[in-house]
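Peer 1: Have a look at this one.
The values are calculated or read from the model by the stated rules, or taken from the named source; none is laboratory data. None of the values given here were measured: they were computed from a predicted structure. Ideal geometry is used to build each Cβ from the backbone, glycine not excepted, and the neighbour counts take in all protein chains shown.
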Amino acid sequence: MIEVNGLVKRFGNAVAVDNISFTVKAGEVVGFLGPNGAGKSTTMKILTCFISASEGSASVGGYDCFKHPLEVRRQIGYLPEQTPLYNELNVIDYLSFIADSHSVPAKVKRSRIGEMVETCGLKRMVHKDIGELSKGYRQRVGLAQALIHDPKILILDEPTSGLDPNQIVEIRELIKSLGEDRAVILSTHILPEVEVTCSRILIISDGSLVGEGTPDQLRKHLQGQELFDLRIKGDKNEIESVFLTQDWISSHEILGTELNGIHRFKLNLIPPMVGEDSGERLYDLSVSNSWKLLEMKRGGATLEDVFKDLTTREAGLN
Amino acid sequence: MLKKIGIIFKKEFSLYFNSAIAYIFIVAFLVVSAWFFMNGFFLIAQADMRNYFQLLPWIFLFFVPAVTMRLWAEERRSGTMEVLLTLPFRDVEIVVGKYLAAFAFLILTVILSFPIPLTIMKMGSPDMGPIIGGYVGAFLLGGAYLAIGMFISSLCDNQMIAFILSVVASFVLLIIGEPFVLQSIPDTLKPAAQYLGLSSHFQNIGKGVIDTRDVIYYFSVIFVFIYATMRKLESRLWA
């Protein structure tokens with residue numbers, strides 16, 4: 001239902017979105033994961049026809065975003081970043097305005113507003129001016145307006161931002177259930193959220209798509225490597241320069257230094273040939289360099305590691 | 001189309017009255033305009049509102065930009081532009097809806113000066129033609145100021161700048177037709193300048209004569225600036 005092809009967006013000389021392609025089908029909740037400034041919001045703004053792409057195409061529900069913006073907007077429910085709202089209107093008036101804008105028939109409007117108030121937990125705030133609401137409630141109003149016309153396609157930019165832990169759980173459950181028969185794309189930089197709500201993840205960094213897959217697939221990606229956590233006592237610079245000379249150590253990161261000059265490292269290793277063991281290689285390396293290897297632990301890949309790996313490495317997923 | 005314009009109109013109009021600004025504005029306008037008019041009224045001792053309508057272009061000069069300055073700048077500042085422009089509205093529906101709401105607000109404000117003509121009717125026997133003509137002219141003039149101000153507001157992110165530029169632009173358009181400016185304009189351009197000026201048309205209508213040429217003039221100004229605003233809105237897609 002959402003198709004993006006070779007999307008590029010430049011602002012002057014800066015490239016915000018660099019050749020992104022992906023699709024979202026009905027029944028999927030796709031998570032856009034990336035650090036701040038990666039291009040998630042920009043892509044969403046293009047999908048909602050708020051801005052136009054510099055190159056490439058984007059279509060929603062079969063309609064091209066540039067050529068048929070009106071048809072695109074009719075089908076989507078959009079929650080922009082920062083949840084902008086009209087502060088002087090009260091909740092009901094605002095939801096009524098949005099419902100009217102989407103041509104929700106008058107007969108259905110009242111009950112729809114009632115449902116939204118119920119689903120988003122706005123019962124007590126219904127007659128208050130939006131400007132008086134706390135961030136959490138504003139977020140809920142934002143969600144309500146995105147859902148009020150029962151759109152088939154939802155585009156949510158950081159939908160749980162500003163919510164407290166209880167609310168976050170409720171909203172994630174809501175999004176998951178909506179995703180069962182709709183196409184949902186949400187953006188976030190909260191990793192657990194993506195694991196819990198999304199059936200597929202798109203990792204964006206610096207405008208490019210650097211990783212794509214289900215949470216499991218992405219974790220397996222990192223298992224093509226081995227992770228080790230080490231504690232070594234020795235000269236930091238010397239240790240790091242030795243790491244750099246070993247081609248089977250694809251990357252290393254210093255996590256910190258304890259007292260007594262003990263350094264904690266996280267290593268990414270290329271798995272060795274059959275018959276060899278990475279643990280042994282590390283041990284031998286320490287011995288031949290006279291380091292004091294105090295602790296060696298095999299690490300598992302969490303989604304966070306995948307995220308860090310993909311967004312700091314220059315190469316993308318092959 | 002019309003229904004959608006109506007939806008925008010309703011939202012805009014209720015936004016005016018949901019904050020104190022509208023009430024302060026109306027009171028300020030009525031007090032200022034009545035004060036200036038009544039100052040000389042008894043001295044002149046004539047049962048007409050000519051001076052009131054002479055004043056209006058100058059009072060509008062400051063009051064109308066105060067209305068228009070928030071039309072777009074506020075939406076941009078609060079981010080609601082993104083909500084408005086991702087709802088299924090055509091650009092024209094949004095622009096016209098906002099304009100009509102501002103216009104309705106202005107008409108309401110001016111109409112609330114009805115105690116003045118009522119008082120005059122009690123005190124003497126004024127000629128109603130010029131008074132009605134004066135009000136019609138005031139609405140048209142105000143409408144023109146509104147269109148100019150709305151366009152300028154669509155160009156600015158900052159309400160103050162929108163206000164100042166609108167005042168300047170309206171001022172320029174206002175005085176182009178005035179005698180003291182016409183003096184310094186070469187003869188060949190004089191008729192053009194006189195036609196372009198907002199106030200010269202206003203004088204005609206103020207006499208109670210509703211000449212179609214003047215009405216066309218005002219509608220043209222309104223149309224040109226509404227169209228310009230729509231293009232400006234559209235230009236975001238070509239950035």
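Peer 1: Check region A:12-29 and report whether any residue there is out of contact with any Asp or Glu (no Cβ under 7 Å at 6 or more places or on another chain), in contact (Cβ under 8 Å) with a residue 12 or more places away in the chain and assigned to a loop (DSSP other than H, G, I, E, B).
Peer 2: Yes, that holds for at least one residue.
Peer 1: Here's a follow-up. Would you mind finding the one in A:Val104, A:Val169, A:Val184, A:Val194 that is without any contact (Cβ under 8 Å) to a residue 24 or more places away in the chain and of a type in the set (A, V, I, L, M, F, W, C)? Don't jump to the end; show me each part of the working.
Peer 2: Working: A:Val104 fails: without any contact (Cβ under 8 Å) to a residue 24 or more places away in the chain; A:Val184 fails: without any contact (Cβ under 8 Å) to a residue 24 or more places away in the chain; A:Val194 fails: without any contact (Cβ under 8 Å) to a residue 24 or more places away in the chain.
Within the list A:Val104, A:Val169, A:Val184, A:Val194, the selection yields A:Val169.
Peer 1: Quick check on region A:14-42: of everything there that is away from chain B (no Cβ under 14 Å) and among the polar types (S, T, N, Q), which residue is surrounded by the fewest Cβ atoms within 10 Å (Cβ to Cβ)?
Peer 2: Per the stated criteria, the residue is A:Asn36.
So that you can scan it fast, the table gives a plain yes or no per residue for (1) away from chain A (no Cβ under 11 Å); (2) surrounded by fewer than 17 Cβ atoms within 10 Å (Cβ to Cβ); (3) on the phi > 0 side of the Ramachandran plot; (4) without any contact (Cβ under 8 Å) to a residue 40 or more places away in the chain:
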{"residue": "B:Ile5", "(1), (2), (3), (4)": "yes, no, no, no"}
{"residue": "B:Ile26", "(1), (2), (3), (4)": "yes, no, no, no"}
{"residue": "B:Phe53", "(1), (2), (3), (4)": "yes, no, no, no"}
{"residue": "B:Met69", "(1), (2), (3), (4)": "yes, no, no, no"}
{"residue": "B:Glu82", "(1), (2), (3), (4)": "no, no, no, yes"}
{"residue": "B:Val96", "(1), (2), (3), (4)": "yes, no, no, no"}
{"residue": "B:Ile107", "(1), (2), (3), (4)": "yes, yes, no, yes"}
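Peer 1: Specify which of the listed residues (A:Gly275, A:Gly256) is part of a loop (DSSP other than H, G, I, E, B), surrounded by fewer than 16 Cβ atoms within 10 Å (Cβ to Cβ) and in the same structural domain as A:Asp305 (by TED's automatic domain parsing).
Peer 2: Working: A:Gly256 fails: part of a loop (DSSP other than H, G, I, E, B).
Step by step, each of A:Gly275, A:Gly256 is checked, and only A:Gly275 is part of a loop (DSSP other than H, G, I, E, B), surrounded by fewer than 16 Cβ atoms within 10 Å (Cβ to Cβ) and in the same structural domain as A:Asp305 (by TED's automatic domain parsing).
Peer 1: Please state which of the following conditions A:Gly142 fails to meet, knowing it meets all the rest: (1) within 12 Å of chain B (Cβ to nearest Cβ); (2) touching a Gly at 6+ places or on another chain (Cβ under 8 Å).
Peer 2: (2)
Peer 1: Determine whether region B:41-51 contains at least one residue that is modelled with pLDDT of 90 or more and either of a type in the set (Phe, Trp, Tyr) or farther than 30 Å from A:Tyr94 by Cα (or both).
Peer 2: Here is the first cut: in region B:41-51, the ones modelled with pLDDT of 90 or more are none.
Within region B:41-51 (the criterion being modelled with pLDDT of 90 or more and either of a type in the set (Phe, Trp, Tyr) or farther than 30 Å from A:Tyr94 by Cα (or both)), the answer is no, since none of the residues qualifies.
Peer 1: I'm told A:Lys176 meets every condition in (1) surrounded by 18 or more Cβ atoms within 10 Å (Cβ to Cβ); (2) under 22 Å from A:Gln139 (Cβ atoms); (3) touching a helix residue (DSSP H, G or I) at 6+ places or on another chain (Cβ under 6 Å) except one. Can you identify the failing condition by its number?
Peer 2: In the conditions (1) surrounded by 18 or more Cβ atoms within 10 Å (Cβ to Cβ); (2) under 22 Å from A:Gln139 (Cβ atoms); (3) touching a helix residue (DSSP H, G or I) at 6+ places or on another chain (Cβ under 6 Å), A:Lys176 misses (1) alone.
Peer 1: Test each condition in (1) within 29 Å of the chain's Cα centre (by Cα); (2) farther than 11 Å from A:Leu230 by Cβ for A:Ser290 and report the one that comes out false.
Peer 2: In the conditions (1) within 29 Å of the chain's Cα centre (by Cα); (2) farther than 11 Å from A:Leu230 by Cβ, A:Ser290 misses (1) alone.
Peer 1: Continuing with the same structure: How about region A:120-179: which of its residues are under 22 Å from the mean Cα position of the chain (by Cα) and of a type in the set (D, E, K, R)?
Peer 2: A:Lys135, A:Arg138, A:Arg140, A:Lys152, A:Asp157, A:Glu158, A:Asp164, A:Glu170, A:Arg172, A:Glu173, A:Lys176
Peer 1: Which of (1) modelled with pLDDT under 75; (2) over 22 Å from A:Leu33 (Cβ atoms) is the odd one out, the single condition A:Asp309 does not satisfy?
Peer 2: The single condition A:Asp309 does not satisfy is (2).
Peer 1: Cβ contacts < 8 Å: first residue touching a residue at least 12 places away in the same chain (Cβ under 8 Å), restricted to region A:64-83; second residue assigned to a loop (DSSP other than H, G, I, E, B) and among the aliphatic types (A, V, I, L, M), any location; separation 6+ or different chain. Result?
Peer 2: Once the first residue is touching a residue at least 12 places away in the same chain (Cβ under 8 Å) and sits in region A:64-83, its partners that are assigned to a loop (DSSP other than H, G, I, E, B) and among the aliphatic types (A, V, I, L, M) give A:Cys65/A:Ala53; A:Phe66/A:Ala53; A:Arg73/B:Leu87; A:Gly77/A:Ile148.
Peer 1: So is B:Phe62 over 18 Å from B:Ile120 (Cβ atoms), more than 14 Å from every other protein chain (Cβ to nearest Cβ), surrounded by fewer than 18 Cβ atoms within 10 Å (Cβ to Cβ) and in contact (Cβ under 8 Å) with a residue 60 or more places away in the chain or not? Step through it out loud before you land on a result.
Peer 2: Working: over 18 Å from B:Ile120 (Cβ atoms): yes; more than 14 Å from every other protein chain (Cβ to nearest Cβ): yes; surrounded by fewer than 18 Cβ atoms within 10 Å (Cβ to Cβ): yes; in contact (Cβ under 8 Å) with a residue 60 or more places away in the chain: yes.
Here the answer is yes, as B:Phe62 does meet what is asked.
Peer 1: For region A:44-62: of the residues being more than 7 Å from every other protein chain (Cβ to nearest Cβ) and surrounded by fewer than 18 Cβ atoms within 10 Å (Cβ to Cβ), which is nearest to A:Leu143 (Cα to Cα)? Reasoning before the result, please.
Peer 2: Kept after step one, since they are more than 7 Å from every other protein chain (Cβ to nearest Cβ), are these residues of region A:44-62: A:44-47, A:53-62.
Next, only the ones that are surrounded by fewer than 18 Cβ atoms within 10 Å (Cβ to Cβ) stay: A:54-57, A:62.
On the way: A:Ser54: 29, A:Glu55: 31, A:Gly56: 29, A:Ser57: 27, A:Gly62: 24 Å.
The extreme case among them is A:Gly62.
Peer 1: In addition: List every residue pair whose Cβ atoms lie under 6 Å apart, where the two residues are 6 or more positions apart in sequence or sit on different chains, the first residue falls within region B:9-22 and is facing chain A (nearest Cβ under 7 Å), and the second residue, located anywhere, is outside any helix (DSSP H, G or I).
Peer 2: B:Leu15/A:Glu88; B:Asn18/A:Glu88; B:Ser19/A:Glu88
Peer 1: For region A:30-61, which positions are out of contact with any Leu (no Cβ under 6 Å at 6 or more places or on another chain), under 17 Å from A:Ile153 (Cβ atoms) and part of a loop (DSSP other than H, G, I, E, B)?
Peer 2: A:Thr48, A:Cys49, A:Gly61
Peer 1: Kindly indicate whether A:Val108 is assigned by TED's automatic domain parsing to the domain that holds A:Lys9, closer than 19 Å to B:Lys3 by Cβ and in a loop (DSSP other than H, G, I, E, B). Give the derivation first.
Peer 2: On the way: assigned by TED's automatic domain parsing to the domain that holds A:Lys9: yes; closer than 19 Å to B:Lys3 by Cβ: yes; in a loop (DSSP other than H, G, I, E, B): no.
So A:Val108 does not fit the description; no.
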